[in-house]
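Engineer: Dropping a structure here in structure tokens format, bear with me for questions.
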Amino acid sequence: MSFADLGLSPAILKAIEEQGYTQPSPIQQQAIPAVLTGQDVMAAAQTGTGKTAGFTLPILEKLSGGERARPNQVRALIVTPTRELAAQVGDNVRAYAEHLPLTSAVVFGGVKINPQMMRMRRGADVLVATPGRLLDLYQQKAVRFQQLEMLVLDEADRMLDMGFIHDIKKLLAILPKERQNLLFSATFSDDIRELAKKLTNDPVEISVTPANSTAKKVEQWIHPVDKKQKPRLLKQLINDHDWQQVLVFCKTKHGANRLTRYLEENGITAAAIHGNKSQGARTRALAEFKSGDIRILVATDIAARGIDIDQLPQVVNFDLPNVAEDYVHRIGRTGRAGASGEAISLVAADEVKELSQVENLIGKLLKRDYVPGFEPVHEVPQTTLRSKAKKPKKPKKPKSPGHQDGQKAVSQHHQRANKNTASKPRQQRSGQGPQSKEGGSAKPARRPRRRPAQA
Ligand code: AMP
């Protein structure tokens, strides 16, 4: 199937070609025709599946027909949980609309509101916004919705996690009732289904990844290690494997700062992104990471959510997340668009609960890989899957001798990498679109609410 088969016009096809996409990804093949028919859509798709183009392309196609946005008016509204995601979606909208006479704008919190108010005077056919700032702009009468035709909630699960439900409800009360609604979410929890009921009308349901699955081509394992040894182990892994571009996740902002300082002191270029950093600092860190000026980006979950860094070879969980589903989001940053990736977690004994939650969520036990010299004094207790999943009882094909799930194995990744220390060239995007996913069978635990940290 080609993009032309999906009913997109030449101006959009040209922009797609300029992006180098040759084939629509599975989510695009399903979402684009559904959106074009005008139906409401509920789609389960993670970052990395091509979901942004899945909703942006048909929105632009539909908007290119009608009357342009009048001053302060918006015709399609895309709401995202984080500033980074808003900026990226905005970039995509601009790129795909390159040959169309449509305007777009991006608004988010953490920066001055005045320039955004000025910008909105001209109206925007597409507005990408985070919830808090959008409501501020509405209250200041800088944004109006009389012309609104379409609403997208992107990464709706994350929006709920971040406590944006009240903002979303306020927004829904303001918007014209007659509109097309698109809801994109990595997972479909009960909360999301409840939101979907309020938001959508007889939606087409699309799913390209079973909820809470992890990318098939991502190889995952843990290095059991004592907490105090984690920085030294990370330094050794980076040096031994000659990792050039690694996203490292920490649980706290403070921890991210401390680790960044440690790496820098040890001659490894690194920067931290988290909620306490200014928007400018975050954008700069991301740009330096993408350009290769810094090797290690140390991030907290909220800051990292949605950042578009293609095909990272490795993602490291310096700490396991408190919320198991964040593990799936984190490792979604590697092995994207057909490239394979590695997700490595440094796990201390006191993280056994988090480990078990992650394993139950993804429906399998993670391989344990002991790095010589870093064998923990405090062993990480053995974990099991809850009986419902019944997976551990199934005989599993060992990938390599001595490296079976949940068993002690001496550092094979370590040895393998030492044989081949030069960093692998990054794979080019295949044009295949994003890869298929494997199923995870365990039901997700309900996540605790978090306070909104952004927007
Ligand atoms: P998303 O899931 O929207 O975050 O997209 C993930 C990445 O895939 C982005 O870098 C897109 O530019 C890229 N992408 C989107 N659609 C395609 C496609 N059809 N072929 C190849 N890459 C794509």
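The values are calculated or read from the model by the stated rules, or taken from the named source; none is laboratory data. Values in this document were obtained by computation on a predicted structure and should not be read as measured data. Positions of Cβ are backbone-derived with ideal geometry, glycine not excepted, and every protein chain shown enters the neighbour counts. These area figures cover heavy atoms from the full protein model, side chains too; ligands, DNA and RNA do not enter into them. Shrake-Rupley method; radii C 1.70, N 1.55, O 1.52, S 1.80 Å.
Engineer: Grab every C-alpha pair in the stretch 121-248, bin the distances at 5 angstrom width from 0 up to the longest one, and report whole percents.
Structural biologist: For the stretch 121-248, the pair-distance distribution reads 2, 7, 15, 16, 12, 10, 9, 9, 8, 7, 5, 1.
Engineer: For the stretch 220-347, with every protein chain kept in place, what is the accessible area per residue (1.4 Å probe, Å²)?
Structural biologist: 31
Engineer: OK, next. Say each of D240 and I174 gets a label point 7 Å from the Cα, pointing the same way as Cα to Cβ; how far apart are those two points in nm?
Structural biologist: 5.4
Engineer: Amide H of V41: which non-local residues (sequence gap of 5 or more, or other chain) have their own amide H closer than 5 Å, using H built in the peptide plane?
Structural biologist: Those qualifying (amide H under 5 Å, at least 5 residues apart or on another chain) are N181, L182, L183, V204.
Engineer: Related question: Output the Cα-based Rg and Dmax of the stretch 31-84 in Å, rounding Rg to one decimal and Dmax to a whole number.
Structural biologist: 12.6, 35
Engineer: Using the Cα centre of the stretch 93-212 as the reference point, and only Cβ charges (+1 on K/R, -1 on D/E), how large is the resulting charge dipole? Debye, rounded to the nearest 20.
Structural biologist: Working: 16 positive and 15 negative charges, 154 e Å.
Around 740 debye, computed over the stretch 93-212.
Engineer: Heavy-atom accessible area per residue, the stretch 99-187, 1.4 Å probe: how many Å²?
Structural biologist: Dividing the accessible area of the stretch 99-187 by its residue count gives 38 Å².
Engineer: Could you look at the stretch 41-188 and say what percent of its accessible area is carbon and sulfur, using a 1.4 Å probe and all protein chains?
Structural biologist: On the way: 2420 of 4760 Å².
Here carbon and sulfur together make up 51 percent of the probe-accessible area.
Engineer: Now for a separate question. Per residue of the stretch 72-88, in order, report the coupling 6.51 cos²θ - 1.76 cosθ + 1.60 (Karplus, θ = phi - 60°) as ³J(HN,Hα) in whole Hz, putting x for Gly and Pro.
Structural biologist: Result, rounded to whole Hz: 6, 8, 10, 9, 10, 10, 10, 9, 10, x, 10, 5, 4, 5, 4, 4, 5.
Engineer: Using the 2.2 N^0.38 Å rule of thumb for compact globular proteins, work out how the stretch 243-322 stacks up: its C-alpha Rg over that value, please.
Structural biologist: Dividing the Cα radius of gyration by 2.2 N^0.38 Å gives 0.96.
Engineer: In addition: What ranking do 318-326, 93-101 get when scored by the average of other Cβ atoms within 10 Å per residue, highest first?
Structural biologist: Listed from highest to lowest mean packing, they are 318-326, 93-101.
Engineer: How large is log10 I(q)/I(0) at q = 0.19, 0.22, 0.23 Å⁻¹ when the Debye formula is applied to the Cα atoms of the stretch 68-156, each weighted equally and without solvent?
Structural biologist: At q = 0.19, 0.22, 0.23 Å⁻¹ the computed log10 ratios are -0.78, -1.07, -1.17.
Engineer: Just the Kirkwood number for the stretch 84-127, please: inverse of mean 1/r across all distinct Cα pairs, in Å, one decimal.
Structural biologist: Values: mean 1/r = 0.0905 Å⁻¹.
Answer for the stretch 84-127: a Kirkwood hydrodynamic radius of 11.1 Å.
Engineer: Still on this structure, I have one more. Sort T47, T334 by accessible area with a 1.4 Å probe, largest first. Display every interim value, and only then the final one.
Structural biologist: Numbers: T47 30, T334 0 Å².
Per-residue accessible area, sorted high to low, gives T47, T334.
Engineer: Evaluate the Kirkwood expression for the hydrodynamic radius of the stretch 28-186, namely the inverse of the mean inverse distance over all pairs of different C-alpha atoms, and round to one decimal in Å. Could you put the intermediate results ahead of the total?
Structural biologist: Values: mean 1/r = 0.0652 Å⁻¹.
By the Kirkwood definition, the hydrodynamic radius is 15.3 Å.
Engineer: Once you have all Cα-Cα distances for the stretch 124-169, histogram them in 10 Å bins from zero and send the whole-percent values.
Structural biologist: It works out to 22, 57, 21, in whole percents.
Engineer: Hey, another quick one. May I ask for log10 I(q)/I(0) of the stretch 1-94 at q = 0.12, 0.20, 0.24 Å⁻¹, from a Debye sum over the Cα atoms as equal point scatterers with solvent left out?
Structural biologist: -0.38, -1.09, -1.51
Engineer: Return the long-range amide H neighbours of I78 (sequence gap of 5 or more, or a different chain), with a cut-off of under 5 Å between placed amide H atoms.
Structural biologist: So I78 has HN proximity to L127, V128, A129, V152.
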